[in-house]
Amino acid sequence: NNKTSMNNRVGFASRCETRKCPHFLQGIDSEFFADPKDVQWWRRNIGVDTSKWKVFTFKDDNIDRFYHREWGISHSAHIVEPFGYSIFQALDYGKIPILNRDWCKDIEYPFRSYSKEEFEKQVKTIKGVSYQERNDILENLRNELNNRYNNPKILANQYLSIYNRED
């Protein structure tokens, strides 16, 4: 539960699958924690300009080091995100996530996007948010997610409803 930073670089800590939308970061000063071969694929096959991306090879033992680097906005606008492990990590380390508009959509959260244009707009908006506001927004989202996903009784009931439903 780190405090946020005022750094406006965007971090991407995920596989470079199509549903993770790495192309949203074209032209944006970003740090990637992914397989460099996947980044090359986007450049070579799709024509994505990756010149503003600094790529760090993903290794489990470097997760903490990457998240402690100076970047403050997390690209978390993944399409069809069933759980959101990288979103939870970003929150833990104090990174302000830009979420997909369909992920936990019943939670009120100001920074959401579904397209590259919306994503770029959200990056600009976050750059204008004060340190205190960033921390307040981060804390509110953490609380909402903790209430939803960090309660064993609620989780047990959700799993039971899945396993016991009749299709």
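Computed values, structure above
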item	result
Residue list for the stretch 14-28, restricted to those being in a loop (DSSP other than H, G, I, E, B), touching a strand residue (DSSP E or B) at 6+ places or on another chain (Cβ under 7 Å) and modelled with pLDDT of 95 or more	28
Residue that is closer than 24 Å to residue 131 by Cβ and of a type outside the set (A, V, I, L, M, F, W, C), where the choices are 1, 45	1
Residues (in a helix (DSSP H, G or I) and open to solvent by less than 50 Å² (accessible area, probe 1.4 Å)) located in the stretch 97-141	116, 119, 122, 123, 126, 134, 135, 137, 138, 141
Any hit, the stretch 30-37, residues being at pLDDT 95 or above and part of a helix (DSSP H, G or I)	yes
Residue check for residue 20: among the basic types (Lys, Arg) and either more than 24 Å from residue 114 (Cα to Cα) or open to solvent by 50 Å² or more (accessible area, probe 1.4 Å) (or both)	no
Criterion (in contact with a Phe, Trp or Tyr (Cβ under 7 Å, 6 or more places away or on another chain), without any contact (Cβ under 8 Å) to a residue 40 or more places away in the chain and within 23 Å of residue 1 (Cα to Cα)) met by exactly one of 84, 128	84
Residue list for the stretch 72-85, restricted to those being surrounded by fewer than 22 Cβ atoms within 10 Å (Cβ to Cβ), within 20 Å of residue 35 (Cα to Cα) and not aliphatic (A, V, I, L, M)	81, 84, 85
Filter result for the condition that a residue is in a loop (DSSP other than H, G, I, E, B) and more than 15 Å from the chain's Cα centre (by Cα), over 49, 64	49
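The values are calculated or read from the model by the stated rules, or taken from the named source; none is laboratory data. These figures come from a predicted structure and were not determined experimentally. Here Cβ is always computed from backbone atoms with ideal geometry, including for glycine, and neighbour counts include all displayed protein chains. For the accessible areas, the whole protein counts, side chains as well, though only heavy atoms, and no ligand, DNA or RNA atoms are used. Shrake-Rupley method; radii C 1.70, N 1.55, O 1.52, S 1.80 Å.
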